[in-house]
Amino acid sequence: MATAEVTKTQTQSTMVQALRSALLEEMERDENVVLLGEDIGPRGGVFLITEGLIDRFGKDRVIDTPLAEAGIIGAAVGMACYGLRPVAEIQFIDFIFPGFDLLVSEAAKMRYRSAGQFACPMVVRSPYGGGVRGGGYHSQSPEAYFVATPGLKVVAPSNPYDAKGLLIASIRDNDPVVFMEPKKIYRAVKNEVPAGTYEIPIGKAAITREGKHVSVITYGAMVHVALEAAEIMQKERVEVEILDLRTLQPYDSEAILETVGKTGHVVVLQEAPRIGGFAGEIAAFIAEEAIGYLEGPIVRVAGWDTPFPYALEKAYMPNAQRVCRAIKKSINF
Amino acid sequence: MEIKPFTGQPISVLAYDGSPVTNLDSLGISKDEYLSIYRWLVLARAVDDRGYILVRQGRAGFYAQIAGQEASQIGSALPLTKDDWLYGDHRSQGSMLVKGLRAAEWFAHVLGRSLDPSQGRLMPHGPGRNDLHIVPPSSTVGNQITEAVGTAMAQRIKKRKEITIVYFGDGATSEGDFHVGMNFAAVYGSPCIFFCQNNQYAISVRLQEQTHTKTIAEKAKAYGMDGFLVDGNDVLAVYAVSKHCADKARSGNGPSLIEAYTYRYGPHSSADDDTRYRPKGELEMWRNERDPVVRFRRFLEKQKLWNDDKEQKLLAEVKAELAVALEEAEKSPVPEPMTVLDHTYEKLTPHLEWERKELAAELGV
């Protein structure tokens, strides 16, 4: 069949294309999958993730909403309880907070408070992170709030291939998923994305680069900063292993223990501010469960503990040099 | 009976003495149905009385009474079908009973026993029952409003002849969720009834300090929606208005706001002291002159459908029924401690598996 030929074809895709193809394929597979959000209809979303989907699936399944994040997430909860599989788009994750209550008080707790009678199989997709000159309200990385909320799952892909497989897995998951899209690399990073459907399991990390001297544990756009640092360290004959967590809640503790056991040196890299951040959880986990493997301190690299700046974002965001310094601090202990 | 939105005075069918002020035939309610409505009123009050005693006896930790608001709850729930969805708040157990929740389950919910469909996970605000389409409320005021709209949007997308009703109090109308939910429902023409039990107090803050509008019903105008002000202590009026809005939603003519003007007799909850904020004589006036159960009983008596013998028989019957229900609830065990981790996610995550082992060690199981 002609379609079989198509599914075998692999093309270089951006994350935008990969996400769009995940949405399109899942909507074709399951009529209960509906999209809702601001400007996702004829506009196609401000980043064009949903471009063309309203023409294909109509207004009942690609729902342009009034400008109210609490309405988007609240309605998604009610749709999910009813049996739909809503995929809500929050235009920038910085704007999620009017809907935060609905996410943490409702979506996260519906299964628990009903003793399993009701579930919220829903995804809240949202672009996060800096590097696009977005200033304090189009750049933040608020994953720590969501990771700290039992009942939510949190996913953050680092490349188009993973983005598609993780989004499909998130849509099929029977729990609410906060799907954080690193907007800096929406178009900057390409890799091969198959046209057919595939899932990348939630909760499984991946080794992005193998190395034996130090592990950099990270996720999302920071994977690429880690790769840059690894290239620099290579020149100093330090072989850096990069573990891309891909899912933050539930995170892959086995993969963490494995890489720490292999290298004995750990840097945890995140874009978000350091205090109370997710890197602290990973550091604490390693300290509790793998202290015997460690040959140096666990070093965190993070954004500064300030709001996100506009003109000075380069001074704010973690970069390869900052990661290299952290690596040296860890291995020269 | 013509039902009009935005009336200056609450829509009513019965005067305070129980005599009809409108043509009853237009309601289309049979004599048997009148008797059934009365039974619900009496049962809801008795369940509530019994539930509140459990707190006073120290056997339950919390209770929010519906006393005084029975007509609002029974009258609005009766037009619902089995397939319709109900989102309650912390004071909607009367409606939940009409929708099918058993009294034994309610008592188990108050006591935190396994028979509680929510397995003791919630303060007694109302358990959910998926098969009855009752969604369990959180304690976060107003959140249920946007959720209910989402369900109603889904019902319309799926082209089902179902509606969703959502209950909230006067205080909740100050929350953003009320505005957002009303706006969404109006924009999408969702089959939804926004049912506000205006009992005039949000814990202690009076309606005049809650909003600058004279009524809550008139707020609907701003959303391009009909708003109905109804006497919340007149079960027939509440029924008629709710039926009107349910039929309207079911036939694809969109959402409505209903403000049931009523009064709560008890404190906000068992943890509240209402003597600090109620003016003297107010509670007595409502109780003595406007009580929804007494008012409907007087109506039945005037219609020659009721007398003292029947009343005594009904009270004894309800008392016996609730004794059995409470016994069933009490026999039900407290949920097993090992279940505390369940239902956080569909399956235990690896971290919860680890915590499960820790808990098992702690409990010695």
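Yes or no, residue by residue, for (1) modelled with pLDDT of 95 or more; (2) at the interface with chain A (Cβ under 7 Å from one of its Cβ atoms); (3) open to solvent by 20 Å² or more (accessible area, probe 1.4 Å):
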{"site": "B:SER139", "(1), (2), (3)": "no, no, yes"}
{"site": "B:PHE178", "(1), (2), (3)": "yes, no, no"}
{"site": "B:ALA186", "(1), (2), (3)": "yes, no, yes"}
{"site": "B:CYS192", "(1), (2), (3)": "yes, no, no"}
{"site": "B:PHE195", "(1), (2), (3)": "yes, no, no"}
Inspect the stretch B:37-46 for any residue being hydroxyl-bearing (Ser, Thr, Tyr), within 14 Å of chain A (Cβ to nearest Cβ) and either open to solvent by 10 Å² or more (accessible area, probe 1.4 Å) or assigned to a helix (DSSP H, G or I) (or both) and give the result as yes or no. no
Tally time: how many residues in the stretch B:212-230 are farther than 10 Å from B:GLY75 by Cβ and either open to solvent by less than 30 Å² (accessible area, probe 1.4 Å) or of a type in the set (Val, Ile, Thr) (or both)? 9
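For every residue, the table says whether it meets (1) of a type in the set (S, T, N, Q); (2) open to solvent by less than 40 Å² (accessible area, probe 1.4 Å); (3) more than 7 Å from every other protein chain (Cβ to nearest Cβ).
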residue	(1), (2), (3)
A:GLU51	no, no, yes
A:ARG56	no, no, yes
A:ALA68	no, yes, no
A:ILE93	no, yes, yes
A:LEU103	no, yes, yes
Of B:GLU330, B:GLU311, B:GLU301, which residue is more than 14 Å from every other protein chain (Cβ to nearest Cβ) and within 18 Å of B:ARG102 (Cα to Cα)? B:GLU330
Among (1) part of a helix (DSSP H, G or I); (2) among the aliphatic types (A, V, I, L, M); (3) open to solvent by less than 10 Å² (accessible area, probe 1.4 Å), which single condition is B:VAL166 missing? (1)
Residues of the stretch A:185-213 satisfying the condition of being touching a Phe, Trp or Tyr at 6+ places or on another chain (Cβ under 7 Å) and surrounded by fewer than 19 Cβ atoms within 10 Å (Cβ to Cβ): A:ASN191, A:GLU192
Looking at B:PRO255, B:PRO279, B:PRO267, which is the one that is touching a helix residue (DSSP H, G or I) at 6+ places or on another chain (Cβ under 9 Å), open to solvent by less than 70 Å² (accessible area, probe 1.4 Å) and either among the polar types (S, T, N, Q) or closer than 20 Å to B:GLN69 by Cβ (or both)? B:PRO267
Look at the stretch A:246-275 and say how many of its residues are touching a helix residue (DSSP H, G or I) at 6+ places or on another chain (Cβ under 9 Å), away from chain B (no Cβ under 13 Å) and at negative phi. 14
Being open to solvent by 10 Å² or more (accessible area, probe 1.4 Å) and charged (D, E, K, R) is the filter; apply it to the stretch A:243-265 and report the residue that is farthest from A:GLY296 (Cα to Cα). A:ARG246
So, of the residues in the stretch A:111-133 that are over 18 Å from the mean Cα position of the chain (by Cα) and either among the small types (Gly, Ala, Ser) or more than 8 Å from every other protein chain (Cβ to nearest Cβ) (or both), which turns out to be most open to solvent (accessible area, probe 1.4 Å)? A:ARG133
Look at the stretch B:284-299 and say how many of its residues are within 22 Å of the chain's Cα centre (by Cα) and exposed (fewer than 15 other Cβ atoms within 10 Å of the Cβ). 1
Quick check: anything in the stretch A:144-157 away from chain B (no Cβ under 14 Å), surrounded by fewer than 22 Cβ atoms within 10 Å (Cβ to Cβ) and not hydrophobic (A, V, I, L, M, F, W, C)? yes
Return only the number of the condition from (1) open to solvent by less than 30 Å² (accessible area, probe 1.4 Å); (2) closer than 19 Å to A:ILE256 by Cα; (3) under 14 Å from the mean Cα position of the chain (by Cα) that A:SER141 does not satisfy. (2)
In the set A:VAL268, A:VAL240, the lone residue that is crowded, with 23+ Cβ neighbours inside 10 Å, within 23 Å of the chain's Cα centre (by Cα) and over 23 Å from A:GLU181 (Cβ atoms) is A:VAL240
Tally time: how many residues in the stretch B:70-85 are more than 14 Å from chain A (Cβ to nearest Cβ) and either open to solvent by 10 Å² or more (accessible area, probe 1.4 Å) or not in a helix (DSSP H, G or I) (or both)? 5
Search result, residues across the stretch A:218-255 that are hydrophobic (A, V, I, L, M, F, W, C) and in contact with a Phe, Trp or Tyr (Cβ under 7 Å, 6 or more places away or on another chain): A:LEU245, A:LEU248
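Residue by residue, here is whether (1) closer than 30 Å to B:TRP40 by Cα; (2) open to solvent by less than 60 Å² (accessible area, probe 1.4 Å) holds:
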position: B:GLU301; (1), (2): yes, no
position: B:LEU315; (1), (2): yes, no
position: B:LEU352; (1), (2): no, yes
position: B:GLU362; (1), (2): no, no
Identify the single condition in (1) open to solvent by 20 Å² or more (accessible area, probe 1.4 Å); (2) in contact with a Cys (Cβ under 9 Å, 6 or more places away or on another chain); (3) more than 7 Å from chain B (Cβ to nearest Cβ) that A:ALA80 does not satisfy, given that it satisfies every other one. (1)
Would you check which residues across the stretch A:170-214 are in contact with a Pro (Cβ under 6 Å, 6 or more places away or on another chain) and not in a loop (DSSP other than H, G, I, E, B) and list them? A:GLU181, A:LYS183, A:ASN191, A:VAL193
Residue check: is B:ASN130 surrounded by fewer than 24 Cβ atoms within 10 Å (Cβ to Cβ), more than 20 Å from the chain's Cα centre (by Cα) and either basic (Lys, Arg) or within 10 Å of chain A (Cβ to nearest Cβ) (or both)? no
Is the stretch B:197-211 home to any residue that is assigned by TED's automatic domain parsing to the domain that holds B:VAL141, within 27 Å of B:ASN23 (Cβ to Cβ) and without any contact (Cβ under 8 Å) to a residue 60 or more places away in the chain? no
Among the residues of the stretch B:276-283, is there at least one that is in contact (Cβ under 8 Å) with a residue 24 or more places away in the chain and of a type in the set (Gly, Ala, Ser)? no
Scanning the stretch B:103-126 for residues that are more than 8 Å from every other protein chain (Cβ to nearest Cβ) and in contact with a strand residue (DSSP E or B) (Cβ under 9 Å, 6 or more places away or on another chain), which turns out surrounded by the most Cβ atoms within 10 Å (Cβ to Cβ)? B:GLY126
Per the filter on the stretch A:276-333, residues of a type outside the set (Lys, Arg), closer than 14 Å to A:GLY130 by Cα and part of a helix (DSSP H, G or I) are A:GLU313, A:ALA315, A:TYR316
So how many residues does the stretch A:27-37 have that are closer than 24 Å to B:PRO191 by Cα and either assigned to a helix (DSSP H, G or I) or open to solvent by less than 10 Å² (accessible area, probe 1.4 Å) (or both)? 5
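The values are calculated or read from the model by the stated rules, or taken from the named source; none is laboratory data. Model, not experiment: these values are computed from the prediction. Note: ideal-geometry Cβ built from the backbone for every residue, glycine included; neighbour counts use all protein chains shown. Accessible surface is based on the protein model in full, side chains and every heavy atom, while ligands, DNA and RNA are left aside. Shrake-Rupley method; radii C 1.70, N 1.55, O 1.52, S 1.80 Å.
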